[in-house]
Amino acid sequence: MNIGKNPKAETLLGAVWSSVFWKGLDRLASLVKHIFIASAIGLSAELDVFYMATGLLGVLVLSWSGIIDILAVPELVQYDRSGNQARFQALAGGLFSLCLLFSVILALSVYASWDIWTRLAFGFTDERETLLKEAIPWLLPLLFLYIPVRFLGALHRARRNFSLFYQSEFIISLVILFCVIFFTKAPRVLLWSYSLGISVSFLFLFLPSLRVFRPWGNPFGSEVKALLPLLPGLWVLSGIFYVYELVQKQFVSLLHEGAVGAIAYAWTLVRLPSVLMNVGGAFITVYAENRSNPEKIRENLDNLISVTITVTIPISIILFFFGQDFVGLVLERGLFSRTDTETVGEAVAYFSLAMVPLALISPLEQVFRVERKLRLIVRRLLAGLMLFVVFCLYFVVGHNMGIKGIALATSLSYWGMLLSSLHGIIALGIQISIFRHLRWAFIVMSLGILAMIPGYWIGGLANSYWLLLPQSITILGITILGASLFHWEDGALIRELVHRSLFRWKPKRAC
């Protein structure tokens, strides 16, 4: 059993590219899935029910999975790096057994009380409410296995086997895609295909895990019991994020049929770049390894923020001006009409304003998790939730902006959460170069706006959604190329990372 030094350990840059590759395949499979679904059912009641059901399960079940990273990764990293195999085994095996036991109890509880929870979708009509109540039997495998799957992923990430975790997420999307393609007209295919994907992903992670740890450990051993007092607070912490998503869906449920699906499609498309980068998934391990080196931590964070700004701002500009073309290119076929394209496109444009916070909040949160400063995460999430409710009341209820109001409220609340996270980082004594990042954001935004000139010229060549591709490549390429020409440390960082990524040149690590 290999518990010593991991020969397959990946660097942060390698983990990012691994994430881009495997999550790229994951998102591609998910995108094709959405194309088939949109073509077959459009923005329908069935789609609304699927996203509302997953929103409810987010608070009740998926929120617990977020605790695994906080509990498992820092301690497992410590034992693994110190060579303490006995405690690594005890903690890993004990947590896995605890996850299984807890999942069984939680799944049965949710199943028994599902009719009560469905009342939270207070804007649903009788038809959608009935469909929502009938959804739970199809989601039982998801209830049983989601938390164990997340633990197994955390286990491999703690040992720097990031790719295996990303591959498992790709498998979920791939299974769902196959089910949607071959059983498009089957009842509840969106629900049971998700459960099947989780089941296959569990087997994919569990079998190689047998070479890493003994799974049937004591769920109440001393290593595990030392972490149990953190559970209630951690659940509140993790649950707040899902409460945010549920409150969003509750506001959307007050709108017309198909609005829940439209918001979900738009949010999925806008989140795609940050999901592909997924820097937070690897950063928790890197930060845990460098806790005793404040200068290295500051350097990593500053470089991470600079790279994120360089990539996400031009993407945000592209989606704001060409979001409708993006939706039309991807989804407009079959029962997904031109009107549906315009509806989702409007949401994409306003959601795109949250691109920078979407990419940065996750890695910043990893710092709070490793340092056990959970109140800072709670403060950030509560601030975002309050801002979202206030802005929804203003834009949606007060000014009747509908889906656009939901998207704008979401973006503004995410900027509030990012500012709260940065304030928390500084409060921990980590000095981020705020002026450097503001200056760099202004430069990148200016370059991106200038790049819109050839972008619009290309768009005028013909009336085709496909022109979005050369437009996007042009804008992104000009912006990054222009940024790399600056002699400040940000420009040098971009040149180095591009060089390393393209030619595998490996000087001193910048990230």
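What's the extension gain from M445 to E127 if we count 0.36 nm per residue and subtract their Cα-Cα distance? Working shown, then result.
Values: separation 318, 0.36 × 318 = 114.48 nm, distance 4.62 nm.
Length gained between M445 and E127: 109.9 nm.
Throw me the Rg/Rh for segment 358-488, computed over C-alpha atoms with Kirkwood Rh, two decimals. Walk me through the numbers before you get to the answer.
Values: Rg = 19.0 Å, Rh = 17.7 Å.
Here the Rg-to-Rh quotient is 1.08.
So what J values fall out for segment 442-451 if you push phi through Karplus, 6.51 cos²θ - 1.76 cosθ + 1.60 with θ = phi - 60°, rounded to Hz, Gly and Pro as x?
These are the phi-based 3J(HN,Hα) values: 5, 5, 5, 5, 5, 4, x, 5, 5, 5 Hz.
For segment 310-378, what are the per-bin percents of Cα-Cα distances with bins 5 Å wide, up to the bin holding the maximum?
3, 17, 19, 14, 12, 12, 10, 7, 5, 2, 0
Taking a threshold of 26 Å on the Cα-Cα distance, which of the pairs K185/K404; K133/K249; K133/K404 fall above it? Working shown, then result.
Working: K185/K404 31 Å; K133/K249 16 Å; K133/K404 29 Å.
Checking Cα-Cα distances, K185/K404; K133/K404 exceed 26 Å.
What's the local net charge at H423, with K and R +1, D and E -1, over the other residues with C-beta under 13 Å away?
Numbers: positive: K373, R375, R379, R380; negative: none.
Local charge sum for H423: +4.
Please work out how much length the chain gains when fully extended from E489 to V236, using 0.36 nm per residue of separation minus the C-alpha to C-alpha distance, in nm with one decimal.
87.1 nm
Quick check for you: with a 1.4 Å probe and neighbouring chains kept, what is the accessible area per residue of segment 296-369, in Å²? Mind showing how you got there, number by number?
On the way: 1960 Å² over 74 residues.
I get 27 Å² per residue for this part.
Need one number: nm distance between label points at E295 and I453, each 7 Å from Cα along Cα→Cβ, rounded to one decimal.
Reported label-point gap for E295 and I453 is 4.4 nm.
For segment 108-155, what does the alpha-carbon gyration tensor say about shape, rounded, prolate or oblate, given a ≥ b ≥ c as the root eigenvalues, a/c under 1.5 as rounded, and a/b over b/c as prolate? Numbers along the way, then the final one.
Working: a/c = 2.87, a/b = 2.53, b/c = 1.13.
Taking the square roots of the gyration eigenvalues as a ≥ b ≥ c, segment 108-155 is prolate.
Report the Stokes-Einstein translational diffusion coefficient (µm² s⁻¹, integer) for segment 59-174, Rh taken as the Kirkwood radius over Cα pairs, at 20 °C with viscosity 1.002 mPa s.
Working: Rh = 16.0 Å.
For these conditions, the coefficient is 134 µm²/s.
The values are calculated or read from the model by the stated rules, or taken from the named source; none is laboratory data. All of these numbers come straight from a predicted model, not from anything done at the bench. Don't worry about glycine lacking a Cβ; one is built from the backbone with ideal geometry, like all the others, and counts go over all protein chains shown. Each accessible area value is taken on the protein alone, full model and side chains, heavy atoms only, with ligands, DNA and RNA left out. Shrake-Rupley method; radii C 1.70, N 1.55, O 1.52, S 1.80 Å.
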